[in-house]
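Data first, discussion second: the structure below is written as structure tokens.
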Amino acid sequence: MLVLGRSQVEALLDVDSLIDALAPAMADLSAGRASVPDRVAAVVPERDGFLAVMPGFLPSAGALMTKLVSLFPHNDGTRLPTHQALIVAFDPDTGEPAALLDGTAITAARTGACSALSARLLARQDATVLAVLGTGVQARSHARAICRVRPIRQIRVAGRDPMKAAALAGELSALLEADVQAVSSYAEALDGADIAAATTHSVEPVIRRSWLTPGVHITSVGYNPAGREIDDATVTEALVCVESRQAVLAPFPAGSNDLLMPIRDGLITADHVHAELGELIAGSRAGRTTPDQITLYKSVGVAAQDAAATALILARAREQAIGEDITLR
């Protein structure tokens, strides 16, 4: 079994290649060629946390894997991330365990990369202003990835903690060819933004319709079982796209309150979900139809993304002889 640690995984990850690899993975998922059951989780109520299991088989990438991922929100502000993960890859011909990888870096990278894919499919070609809501791992991942698919010239960072927002703005300024500013509120970040990346653990919506500019593309990856990132008015007006209808409309721990709550309240029906990313890629569903249309990609994370990333990393690791081989027997 090949073992790859976090620094090795990060060195092997290439954002451009990952964005490209996620397109056929999403197409396979929508076409039914991938096997990706809804995730299940063991809940740790005294820590508001859970440990989830996400298995997947992506035949086009030759990837059979499962991810174990924990979400412990009280880790925020400590030395440990809120999301931590391991991935085990298996030989799809024999079922033999083939590799053990750090999944924390993969989760961060594939989530931002799939949001970038959604921007490639749905954001206006001339999108130059990006609002990043949140200051954690996903905020970094999204800023880096979205700049790969649109000519972003200005990034506004907003979060609950102004010091964290300022620190992230400084970090991104050194990495990206864009004017990066920390701003004082989510509303200020969104004013005039062409793309908005919501990456928070907020209970109350950080995306509100009154704060949005016509034509904005929104990516929302935040998750909090007690709340949501997007308000009802935005959801009801937007062209809504997802990774998987089955996943996003499933109950905890798979689905999204951003859609389940307005469905519960009778504001929309499940048919309001316009398309899966894979349907946009295949051309069976249309994307943006007017420059002023508001588009929303709501992500809950699916194992097809992890499988695509894992296949890329393992191929590069073997080419470059990176990692440690261990024997379990």
Would you mind telling me the share, in percent, of accessible area of the stretch 1-130 contributed by carbon and sulfur at probe 1.4 angstrom?
56
Where labels lie 7 Å past Cα in the beta-carbon direction, separation of Arg47 and Met261 in nm:
2.6
Summed side-chain charge close to His217 - residues other than His217 whose Cβ falls under 11 Å, Lys, Arg +1, Asp, Glu -1
+3
Measuring from label point to label point, each 7 Å out along Cα→Cβ, what is the Ala321 to Asp191 span in nm?
5.8
Each label sits 7 Å from Cα toward the beta-carbon; between Met163 and Thr236 the label points are separated, in nm, by 4.1
One would report the antiparallel percent of DSSP beta bridges in the chain, rounded to the nearest 5, as 50
The stretch 53-67 - phi-based ³J(HN,Hα) in whole Hz, Karplus 6.51/-1.76/1.60, Gly and Pro as x
10, 9, x, x, 10, 10, x, 5, 9, x, 10, 10, 8, 9, 10
Work out the charge dipole of the stretch 173-329 with +1 on the Cβ of Lys and Arg and -1 on the Cβ of Asp and Glu about the Cα centre, then indicate which of Ala282, Ala187, Pro205 is farthest towards its positive end.
Ala282
Mind pulling the angle between the C-alpha long axis of helix 137-146 and the longest principal axis of the chain? Nearest 10 degrees, somewhere in 0 to 90.
80
Compute, for the stretch 186-240, the length of the dipole vector about the Cα centre, with Cβ point charges of +1 (Lys, Arg) and -1 (Asp, Glu) only. Units Debye, rounded to 20.
120
Go through the stretch 231-248 residue by residue and turn each phi into a ³J(HN,Hα) via Karplus (6.51, -1.76, 1.60, θ = phi - 60°); whole Hz please, and just put x for glycine and proline.
7, 4, 4, 5, 4, 5, 8, 7, 7, 9, 10, 9, 6, 8, 4, 4, 5, 5
First select every other residue whose beta carbon is under 14 angstrom from the beta carbon of Phe57; then total the charges, Lys and Arg +1, Asp and Glu -1.
-2
Which of the listed residues, Thr104, Val9, Ala23, is farthest toward the dipole's positive end in the stretch 1-106, when Lys, Arg count +1 and Asp, Glu count -1 at the beta-carbon?
Thr104
On a full-extension model of 0.36 nm per residue, what is the gain between Arg208 and Thr128, subtracting their alpha-carbon distance, rounded to one decimal in nm?
26.7 nm
With every protein chain left in place, what is the accessible area per residue of the chain in square angstrom, probe 1.4 Å?
42
Order 233-246, 313-326, 189-202 from most to least packed using the mean count of other Cβ atoms within 10 Å.
189-202, 233-246, 313-326
Roughly how much of Lys164 is accessible, in Å² to the nearest 10, using a 1.4 Å probe?
80
Residue by residue through the stretch 26-40, what is 3J(HN,Hα) from phi via Karplus (6.51 cos²θ - 1.76 cosθ + 1.60, θ = phi - 60°)? Round to whole Hz and write x for glycine and proline.
5, 5, 4, 4, 5, 7, x, 7, 9, 9, 9, x, 4, 6, 10
Sketch the reach of a paramagnetic label on Ser60 as a point 7 Å from Cα along Cα-to-Cβ, and name the residues of the stretch 21-45 whose backbone nitrogen lies under 20 Å away.
21-38
What's the magnitude of the charge dipole for the chain around its Cα centre, counting Lys and Arg as +1 and Asp and Glu as -1 at the beta-carbon? Answer in Debye, nearest 20.
120
Determine, from the Cβ-Cβ distance of Thr289 and Ala226 and an R0 of 41 Å, the FRET efficiency 1/(1 + (r/R0)^6), rounded to the nearest 0.05.
0.70
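The values are calculated or read from the model by the stated rules, or taken from the named source; none is laboratory data. Predicted model only: the values in this text are computed from it and were never measured. All Cβ positions, glycine included, derive from the backbone under ideal geometry; neighbour counts span all protein chains shown. With ligands, DNA and RNA removed, areas are computed over all heavy atoms of the protein, side chains included. Shrake-Rupley method; radii C 1.70, N 1.55, O 1.52, S 1.80 Å.
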